[in-house]
Structure formats: structure tokens, C-alpha cells
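One structure below.
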């Protein structure tokens with residue numbers, strides 16, 4: 001009466017190594033394998049099914065705005081204030097709980113946060129957004145005015161430049177996939193092309209850079225080369241996954257620069273000043289620079305590197321009895337589309353290509369998946385993504401090589417999960 | 001200091017009729033037109049921008065699960081119980097507020113509802129889902145067991161067969177786009193292929209139909225030809241837009257049959273019985289049948305027809321001063337992809353092709369858009385979608401032609417919005 005069954009694929013027939021089922025085999029034979037099934041099962045008649053209480057009387061009423069099931073109350077963003085109470089009020093992060101999600105869209109309620117001075121409570125009818133500086137016609141926009149422009153719709157990720165930095169600390173061995181790599185989210189954004197607004201303002205020939213500033217108390221500011229706007233890539237987002245953008249994501253509007261450092265996607269956008277050179281704002285000098293071994297720092301590092309993480313199995317999604325499991329995870333690159341994701345179950349000694357969609361989206365999260373026949377022995381799981389520019393996700397050792405020991409940004413090294421014989425999973429450094 | 005500017009496209013140069021800007025013109029010249037701008041604007045210096053209170057002190061804290069801005073509290077699903085209190089408890093609908101959204105994803109909190117006996121409060125650890133009937137191996141699945149199967153990820157709409165039926169009543173002239181056409185939502189679903197589970201159960205040669213039954217008190221049941229599962233199209237959804245499916249959408253699992261009548265996408269899925277012929281369940285005999293003029297009813301009408309609606313402008317999104325506006329809306333078809341959307345501003349006398357994405361998704365909402373130079377005169381707005389099967393959305397008259405007067409289902413007629421000289425908009429029948 002209990003059950004149920006997993007698809008028992010024979011490892012002899014198609015294993016690529018350590019129980020991984022190769023993509024070639026899957027493509028040749030179909031997914032799943034017809035006829036490769038046949039575990040025992042109790043005979044079930046409809047009348048044997050338990051009739052639960054909830055089937056016996058009318059349920060809850062219609063609601064204006066729905067919420068998750070109370071049984072999912074633990075699916076939340078872990079929060080981490082970055083300064084003690086009373087100091088640097090409002091600086092902190094919360095993490096997208098990657099290991100608890102499926103598909104590629106990050107629901108709005110669980111999209112990660114990074115605030116430098118908390119979430120301003122903005123009245124959209126009083127909010128102003130200005131384009132000024134080296135332009136012929138400085139402009140001020142209300143929300144209402146922006147809504148009359150053509151809307152662009154684009155699905156892309158936003159990733160904090162500090163994502164995965166916790167893997168540089170020993171205590172990260174106790175963290176989940178989301179608590180390490182969850183400073184990323186993926187959404188369908190709708191908004192107004194920044195190129196169109198700059199075109200209307202009329203950029204002067206000397207205008208080569210933009211400075212975007214938020215309306216939060218930190219006045220979060222970043223310098224952005226104007227090409228990112230003029231090539232049509234950047235936009236002012238007003239909607240996220242269909243509805244108006246949430247307060248913690250920049251309500252009523254945020255700048256989106258697909259594939260580039262999260263902090264450049266300035267929230268609560270207040271103004272864009274066209275300038276001739278970067279302004280070296282506090283937010284791009286005190287943070288988000290890459291200290292090299294030679295003592296020099298790389299600055300204005302925009303693009304987020306090619307990256308992937310296995311979200312299942314992972315800490316918090318441990319294995320049960322030996323048998324068939326689905327290895328599943330997310331891959332992305334600031335340079336464009338993901339073209340390949342490989343998975344290893346033996347610490348990198350052998351790799352099998354995972355299934356990804358035929359058409360992957362540019363600068364958006366891509367879901368990969370591969371069946372794995374777990375024998376019950378200890379194993380070492382890794383995933384390695386390749387993007388359309390040919391970049392391959394580096395090992396931890398290769399990633400650290402150019403940097404000073406305390407350089408924490410743009411961490412895109414291969415994540416290693418150690419599976420023990422009892423099904424437990426933890427983060428390890430190899 | 002106030003402002004701001006709309007893109008002033010000259011109607012002489014490119015209008016297709018009544019101020020509509022043709023797609024051909026847009027493709028040739030770019031979108032927007034570089035150099036076609038230049039409205040006056042006050043000079044703006046950064047220091048002239050108002051510094052609002054919310055920029056002066058730290059904002060709100062990080063949160064585990066985010067919510068929309070309090071300023072968006074009116075963006076909710078209008079609810080409509082279908083029987084007086086105490087009779088038929090829990091039967092009703094709520095509408096996706098289409099005119100308040102952008103992009104194509106319907107946020108989970110605003111995805112329409114149709115309940116026949118309210119929302120059951122299901123404990124996922126106690127929920128069972130069975131496949132039985134004409135199979136070799138009846139199976140019972142827990143949620144936990146299903147989560148070990150390969151996951152399919154698919155973006156598609158679900159539309160109630162009764163969507164738009166309010167346009168058959170005079171009072172619909174007072175309703176918004178969402179209140180008329182909002183029994184539809186579009187989401188990225190993740191779940192388990194039904195073909196895979198049926199394959200594991202082993203369908204007998206006599207097994208030609210499925211009966212899917214919900215765990216709600218109404219035991220909502222529908223007959224489904226088995227081909228819809230065996231061709232790989234149908235799946236058991238466990239996640240919607242990244243997170244576990246919401247209670248009102250079928251938590252912990254619902255059947256999804258892309259493009260087919262909403263009620264066939266059975267929520268709170270309890271069992272699928274494989275049978276040799278349809279069972280004529282109450283939910284496919286008392287409802288969801290199409291009464292013809294000759295007194296006969298068409299039954300088992302699965303596929304939702306090609307359809308579109310202009311969501312902006314529309315009632316509740318009225319026009320202000322004459323000038324340039326963006327006509328924007330949604331199009332979809334149960335038969336596959338949308339290939340064309342045409343827009344008329346003169347009641348169908350002339351049509352201009354709207355912009356749609358280069359690659360539209362199959363059986364998913366498609367966003368269309370077209371600039372419109374509104375002269376300030378009265379106008380009659382219509383949109384007409386075409387799908388990849390060549391089907392064209394019918395006029396109201398053509399749609400009604402075969403049906404008895406009180407036939408209300410599968411209403412996919414062209415929606416007509418009347419714009420008055422003061423910018424007011426209402427629903428009319430032409």
C-alpha cells in the first residue's frame with residue numbers, strides 16, 4: 001500500500017562511470033527506458049485508497065492574493081545581517097533557497113536580497129527617476145510616464161558579485177547549496193529599454209559612462225560603460241515575473257544589466273548621470289574589486305563567470321536507500337548561453353554530459369539533470385558548465401590561483417559535494 | 001521639473017491606419033526611431049531632484065518570504081463565489097488581473113482560481129496518488145517518491161473552458177479585461193512525465209482513456225484520451241514558477257495537459273484510472289459541453305481556441321492626453337504557437353501587425369505590442385491572433401454562429417474596446 005517505485009536502469013548497460021547514466025545513452029534509448037521497469041507493487045484498487053479528511057468537506061475560500069501552503073513554511077530565504085545591530089543598519093543578504101526549488105524561475109518571494117541600507121518604502125507616485133549629465137535634454141520620469149513606453153520582456157539572472165564567497169570560509173562546510181550559492185535569482189523582467197531613454201535625452205559625444213544611483217539611504221552607486229545600454233541590453237525593470245517589482249528588488253524600478261555584477265543592477269533607481277569617465281563610487285572601490293597576488297586590484301569587473309551547482313542531491317536533500325536518483329542543478333553564464341554541463345560522481349576522474357534543454361536562454365538560469373544509480377558507497381559529486389564563449393567552469397584551485405588569499409568576489413569554482421555511505425552530504429574542498 | 005516625455009513618432013511617416021504604427025515600419029527603422037525624438041524638457045541637475053524621506057534613513061529589514069509593496073494592495077484577484085453562502089460551498093472563481101500585469105508569467109499569488117468545492121488543506125506527507133485500472137502494475141505514489149523521478153520543465157498556460165463567458169452577459173460592459181478574460185494563467189511548471197509513470201504501470205492494450213480525479217470534496221473528475229499522456233505532453237506538476245505549487249493550484253500536485261480545457265488539469269490529483277472509454281463524469285456532462293443550435297451538445301472538446309486580448313489600454317487603464325500610447329496584450333492558442341497578432345483601431349476596417357517575439361513558446365502566453373498615436377478622437381480597438389495551425393480568432397458573430405444562445409464555453413471571440421474622446425474605455429459588442 002505504501003510505495004513507490006523508482007525507475008531501475010541497469011548500470012551495466014549504460015553507466016558512464018560511478019553510476020552516471022550517459023546523455024548519449026538517454027538520447028539513443030529514450031528517457032525513460034520503455035520496458036526497463038518492473039519493480040514489485042501492491043495491487044491497488046481505488047477503494048483501497050485512504051479517503052482523507054480534506055476530501056470529505058468543502059475547503060478554503062477564494063483569496064485575492066495567494067500564499068504558499070503552510071506545509072511549506074520552511075521554504076524561506078535564510079537571512080544574514082552583515083553588521084551588528086545599530087551599526088551599518090540595513091546592510092545584509094538573504095539567500096535564494098536553491099535546493100528547495102525546481103525549474104528555472106525564482107519565485108518573487110524567494111529571490112535573494114542584498115541591501116546596503118535596508119529596503120526603502122517608496123511611494124511610487126512620489127518617486128522620480130532622472131537622466132542627466134552629458135545629454136542634450138535632461139529628463140525626469142515618473143513611474144506613470146515610464147509605463148507609456150514600449151516594454152521589453154527578458155528572462156535573465158541577477159547574481160551578486162559576492163555570491164559563493166562563503167566557500168572561502170571553513171564554516172561553509174555546514175551550509176546548504178542556497179546558503180553558499182543562493183545570491184542569485186532568475187526572473188522574467190518587463191521594463192523600458194535604457195537605450196531608448198538615453199536616445200531621447202541625446203547623449204553628448206563625450207558621454208562614455210553612466211553612473212546609476214539608488215534612492216536607498218546608502219545611495220548605492222555604480223559606474224557602467226555606456227555600451228551596455230546602447231547595445232540594447234540594459235533596461236529599467238518595472239515588473240518581475242508578471243507583477244510590479246517587489247520592494248526588496250527595487251520597487252518601483254531597478255536597472256537591469258543582464259549577466260553583469262548584481263550591484264550594477266541598481267535598485268530603487270533614482271538617477272542615471274551620463275559622464276565621461278567612471279566616478280569611483282564608494283561601492284566600486286571599497287567593495288567588488290578583485291585583489292591579486294601581486295597586491296594590485298582589478299576593478300570594474302562586470303561579467304559574471306560561467307558556473308553551475310548541483311542542487312539535488314545536496315546538503316538538506318540527502319539520499320535514502322541506494323538506488324536511482326536524479327542529479328539536478330542550475331548552470332549560468334554572464335557571457336551568454338550554457339552549451340554543456342558535465343557531471344562527475346567520482347571527484348572528477350570521469351565525467352558524463354547532463355541533459356539540458358535544446359534551446360537555452362542567454363544569461364538565464366539553465367536546469368540540468370542526469371540519472372544516477374547510487375550504489376550506497378561514498379561518492380564525490382561535481383558539475384562543470386561550459387558557455388557559448390567556450391569558457392569552462394574552473395576548479396577551486398585554478399580559480400584561486402591569481403588572487404590574494406582574502407579575495408572573495410566572482411567565485412565560480414566547481415562545487416564539490418561529498419556523499420557518505422549513509423547518504424549524508426556535505427560541502428568539501430578538494 | 002515634472003514631466004516626462006513620450007516618444008513622438010510622426011503618424012504621417014508610418015501609420016498603418018488610425019494612428020497604428022506598422023510592424024514593417026518598426027522592423028525597418030528600429031524600435032524606437034533614433035532621431036525621431038525631441039520634446040521639450042526642463043533642465044535637470046541632480047541637486048534639483050527631491051530627496052525623499054526614504055533616502056534619509058535605513059529602510060526595512062531582510063525577510064524570509066517577500067510580499068508585494070503595500071502600494072500595490074489593489075493588485076489582487078477579483079473573487080466571485082458561484083453559489084450563495086451555504087449552498088454549493090466552495091464553488092467559485094477568481095480572476096487573474098490581466099490589465100495590471102506585464103510580461104507573460106502569471107505570478108503565483110495572482111494565478112486565477114476555479115474551485116468546485118473549495119481548497120482542500122492537504123498534508124503532503126499523507127497525500128497519495130494512484131495509477132490503477134487497466135494496467136499491469138497498479139502503483140501508489142507519495143510526493144516524496146515522485147520527487148525522485150526525472151523532472152520536466154514546461155512553460156504553458158491553463159485556461160478555464162468558461163473563460164470569457166461573461167462577455168455573453170450585458171453586465172460584462174462594466175468589467176475589466178481580467179474580469180472577462182482572466183480565467184487564464186501562464187507559468188513555468190516542473191513535474192513528472194505522466195507517460196513515464198504510465199509506462200512503469202504498464203498500460204493494457206484495452207486502456208484507451210484516463211480518468212483523473214482530484215482529492216477535493218467535489219472529487220472533480222475528467223476523462224482524457226490516453227494519447228495526450230503517451231505523446232509526452234502531459235505531466236504531474238509539483239512546482240509552479242520555481243516553488244512548490246500553491247494550495248489553490250492543486251498542492252501538492254496537479255495534472256497539466258497543455259493547451260486543453262482548464263478543468264482537465266485536475267488539481268489535488270488523487271488518482272488516474274486507465275479505462276477503455278470515457279466515464280461521463282458529472283464534471284463533463286453537467287458542465288463544459290457545447291450546446292449547438294440543433295439542440296445537440298458537443299462533448300469532450302479539449303483544445304482551447306486561438307485567442308487574444310488587449311490589456312492596455314483597457315477598462316481601468318484609461319488614456320490621458322492625446323499622444324503616443326503602447327497597445328499591449330496577450331495572445332495564446334491550445335494548438336501551439338502564436339504566429340501573428342493584428343491590431344485594429346478602427347473597429348476592424350484596417351489592421352496592423354503587432355510586434356511579437358521572434359520565438360514564441362508553444363501553448364504559452366505571448367505578449368504583443370504596437371505603438372499607437374491616439375488623436376483624441378473616439379476609436380474602436382480590437383486584436384486578432386493567428387496560430388501555427390492557421391486558425392484565426394473569430395469575430396463575436398462568427399463565434400456565436402453554431403451555438404445555442406446560452407452556450408457559454410470556449411468563448412474566443414475578438415474583444416472590442418471602445419475608446420471615447422475623453423479617454424474612457426469600455427467593453428462593447430460590435
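Between the beta carbons of residue A:230 and residue A:298, assuming R0 = 22 Å, the FRET efficiency works out to 0.35 to the nearest 0.05. How large is the Kirkwood hydrodynamic radius of segment B:157-255, counting all unique pairs of alpha carbons, in Å? Final number for the Kirkwood radius of segment B:157-255 is 15.7 Å. Ordering A:164, B:91 from the fewest to the most neighbouring beta carbons within 10 Å gives B:91, A:164.
Across q = 0.09, 0.15 Å⁻¹, segment A:118-287 modelled as identical point scatterers on its alpha-carbon atoms has Debye log10 I(q)/I(0) values of -0.31, -0.82, in the order of the q list.
Legend: translational diffusion of segment A:113-196 by Stokes-Einstein, Rh = Kirkwood radius over C-alpha pairs, 37 °C, 0.692 mPa s; D = 199 µm²/s.
Fewest neighbouring Cβ atoms within 10 Å first, the residues B:53, B:387 line up as B:53, B:387. Straightening the chain between residue B:285 and residue B:136 buys 50.6 nm, computed as 0.36 nm per residue apart minus the Cα-Cα spacing.
With a Förster radius of 51 Å applied to the C-beta separation of residue B:350 and residue A:83, the computed FRET efficiency comes to 0.25. Rounded to the nearest 0.05, the FRET efficiency derived from the C-beta distance between residue B:126 and residue A:121 at R0 = 45 Å is 0.65. Segment A:280-312 and segment B:154-218 have Cα centres separated by 46 Å. Taking the convex hull of the alpha carbon positions in segment A:271-430 and averaging its projected area over all directions gives 12.0 nm². Using all alpha carbons of segment B:198-237, what is the percent of pairwise distances in each 5 Å bin, ordered from the shortest bin to the longest? Pairs per bin, as whole percents: 6, 18, 28, 25, 15, 8, 1. Among the residues of A:244-254, the average count of other protein chain beta-carbon atoms within 10 Å of the residue beta-carbon is 4. With neighbours defined as other Cβ atoms within 10 Å of a residue's Cβ, the residues B:317, A:50 order from fewest to most as A:50, B:317.
The relative contact order of chain A comes to 17 percent, based on Cα pairs under 8 Å that sit 6 or more residues apart.
Restricting attention to chain A, close to 95% of DSSP beta bridges with both partner residues there are antiparallel.
With the largest listed first and rounded to whole Å, the semi-axes of the equivalent ellipsoid of the protein assembly as shown from the Cα gyration tensor are 42, 39, 22. Under Stokes-Einstein, with the Kirkwood radius over Cα pairs as Rh, the value for segment A:298-389 at 20 °C and 1.002 mPa s is 153 µm²/s. For peptide A:106-118, compute the average count of partner chain beta-carbon atoms within 10 Å of each residue's beta-carbon. That average works out to 5. Need one word for segment B:368-428: rounded, prolate or oblate. Basis is the Cα gyration tensor (sqrt eigenvalues a ≥ b ≥ c); a/c below 1.5 gives rounded, then a/b vs b/c decides. Oblate. According to the Kirkwood relation over distinct C-alpha pairs, the hydrodynamic radius of chain B is 23.6 Å. For peptide B:142-155, the mean count of partner chain Cβ atoms within 10 Å of a residue's Cβ comes to 5.
Values quoted throughout were computed directly from the atomic coordinates according to the rules given, and no laboratory measurement underlies them. This structure is a prediction, so every number in the text was calculated from the model and none was measured. Heads up, the Cβs are rebuilt from the backbone with ideal geometry, glycines too, and the neighbour counts pull from every protein chain shown.
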